[in-house]
1. Considering only I340, G167, L493, whose Cα is most displaced toward the positive end of the charge dipole of the chain, charges sitting on Cβ of Lys, Arg (+1) and Asp, Glu (-1)?
2. Per 20 Å bin from zero, what fraction in whole % of the C-alpha pairs of the chain is there, up to the bin with the longest pair?
3. Would you give the gap between the C-alpha center of segment 518-533 and the C-alpha center of segment 1-72, rounded to a whole Å?
4. Expressed in nm to one decimal, what extension gain is obtained for the pair V261 and E594 from 0.36 nm per residue of sequence separation less their Cα-Cα distance?
5. May I have the pair-distance distribution P(r) for segment 139-296, computed from all Cα-Cα distances with 5 Å bins from 0 and rounded to whole percent?
6. When the distances between all Cα atoms of segment 174-248 are binned every 5 Å from zero, what whole-number percent does each bin get?
7. Go ahead and estimate [θ] at 222 nm for the chain from helices alone: -39,500 (n - 2.57) per DSSP H run with n ≥ 4, summed, over the residue count, rounded to 500.
8. Mind pulling the angle between the C-alpha long axis of helix 137-156 and the longest principal axis of the chain? Nearest 10 degrees, somewhere in 0 to 90.
Amino acid sequence: MTAFPRLMEPIRLGRCEIANRIVLTGHGTGMPKDGTPNDQMIAYYEERAKGGTGLIMLGSQQVHPSSPGITGLLCNYDDRIIPGLARLARAVQRHGTKVFGYLSHMGFATSARPVPLWSASAGYEEKYGEVAHEMTAAEIAMIVAAHADAAARCIEAGLDGIEVHCGHGLLVQQFLSPLSNHRSDGYGGSRENRARFAMEILAAVRARIGPDVPLGIRCSGDELVPGGLGAGEMAEIVPMLVAAGRLDFVDVSAGTDGNLVSNMLHEPPMGLPPGPFRPVARTIRERIGVPVIHGTRIHTAEFAEEMLEAGDADMAGMARALIADPHLPRKAREGTPERITPCIACEQACFGRLYRGRAISCLGNPVTGRETELAAPASVLAPQKVLVIGGGPAGMEAALAAARRGHRVTLAEATERLGGRLDLARRPVGRSEWARLIGFKAAELARAGVTVRTGVAADRALIAALAPGRAILATGAVPRPFLLPGAPPGTILTLDEAVLDWSEGGSRIGRRVLVHDGMNRAPALALALSLAQSGHEVTLSTAAFHAGQNLEIQNLTYFQRECLRAGVRFLATVVPLRVEDGAVVFHNVMTRTETERLAADSLVAALPGLPRNGLAADLEALGIPYEVIGDAYAPRDAEAAILEGLEAGLRA
């Protein structure tokens, strides 16, 4: 008997039987180059089918040129998409997985200047800063027909069903919401009028695809914006949509992409709890007579099983969890959930890459998005001794990949624990999920037979004694020096020193703390938040336009909100210049003048590190082939470190 009986139970959506209740919910991949599925995208979805996912919702397909296919979206404007969809369908279906098309129109929830954007009204959307064109009755009819045409193409290509996007602040929700619909005709005003556009789309799609093809919607059960669609009103609207389209399922999410806080809440980053909108899904489920899919950070098989058992939903949407491990369903079915690569909600390589115009991947599993180039490695014909020096993210991944190829691997770590900078990253408030990734990788090293030696500082003598055939140097970085004229001795700490002192109950940090952030990512913000919540008076300064400037939008919004709530003060476009009369004097990098003065007891310098690669000379002298990876090569982030570790291990 499986440990996940509800999750592995088959279910019918209309006349379509799904093998289990795990759904890869629709999400952008950034993979298409011309609006049609390519080899990279097909391989990505096929790997999730191989792993046993019951139902795959493709990334959203734009149904009309007035919704431009930017950031690697699929464009179902005409028949050009059919051959690619047909190839994708065959690749997924041969593994027993069903695949549905996911139709959408962005409305003004995008930016494609100079292309004008369409919406219910001439509104302004804060995330992208675009003013919309208010759609005419003829344009509304055009988009209704475009949805039906796009659905027909999906079915012609061999897809198994259709989902229409009615949520997340896209065009259909822009009509549904009183925040964005200010019309005075038959498509605005009353609840029924605001729902008319959605109902016409669903009726037209149903008429085109017929009664036997599963049809459903994705909706936001709560807009998560004051004055917007609440759970109560959506519980009234969704039954109307079910009736209009004779729907077979409803996929309940929450939020709108058009509001920064709402966008962050419905794509919750590390620091927020999993499954925050299960009650919203349950409320809608109790009002309709068709199965409900729910997916907002359903992050583990155990959590999904408990959600289904509790009656909050009928199917578990697991987008990021399946990005992290495409074989989650198989491992759950086989009773080995501990082998599932965890999604820790860091959002660095999924959303982070997508917002940089790149194809998605996963920090903990770099094979994601690279299925065609990083296929399962073949075993080596002549195994050798491989020494990996450094047990941080790059070193652990390199050791793991080399061992899986059949090499005899020793990993030497100078400290008493694995993790490297991840061991620091896990310590501040809300960052403990990094420990899940460390623990998973450490357990996989043991399973792969890697000899792990902690508390062992590698030197030339040790390397010579081990006599490896190849070495991988992953010794990380050292803190960059920060000199501030006039600062009293002991008042300046590195980020590493401050995190350790705070997390271990030390006393080096004074009451009034200045954190100067030279990286503008998560580490300094996480420390500032931790210190503020511990009673310190915290100011965070940066030379950038704002704190966290290099973060993806969800993490940026999270840290800005939480730090402001905790009382952190932000100073932008400044750098500390000197300490004078007990106060830090700042230099404004824009005006090039001395500006602020701040009294502080401690200053924490959060700066990019410097490579620690001194052992390269010893390896060179010993004649041992080697390569330098991760921060030891160039200090960056964990995504780069783990990817380079994997690649180095595959080359060993």
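The values are calculated or read from the model by the stated rules, or taken from the named source; none is laboratory data. In this text the structure is predicted, and so the values were computed from the model without any measurement. Backbone-built Cβ (ideal geometry, glycine too); neighbour counts: all protein chains shown. For the accessible areas, the whole protein counts, side chains as well, though only heavy atoms, and no ligand, DNA or RNA atoms are used. Shrake-Rupley method; radii C 1.70, N 1.55, O 1.52, S 1.80 Å.
1. I340
2. Percent of pairs per bin, in order: 18, 47, 30, 5, 0.
3. If you average the Cα positions of each part, the centres end up 36 Å apart.
4. Numbers: separation 333, 0.36 × 333 = 119.88 nm, distance 3.44 nm.
That pair, V261 and E594, stretches by 116.4 nm at full extension.
5. It works out to 2, 10, 19, 22, 20, 15, 9, 3, 1, in whole percents.
6. In order of increasing distance, the bins hold 3, 17, 26, 23, 17, 9, 4, 1 percent.
7. On the way: 22 runs with 221 residues, N = 652.
The helix contribution divided over the chain gives -10000 deg cm²/dmol.
8. So the helix axis and the longest Cα principal axis differ by about 80 degrees.
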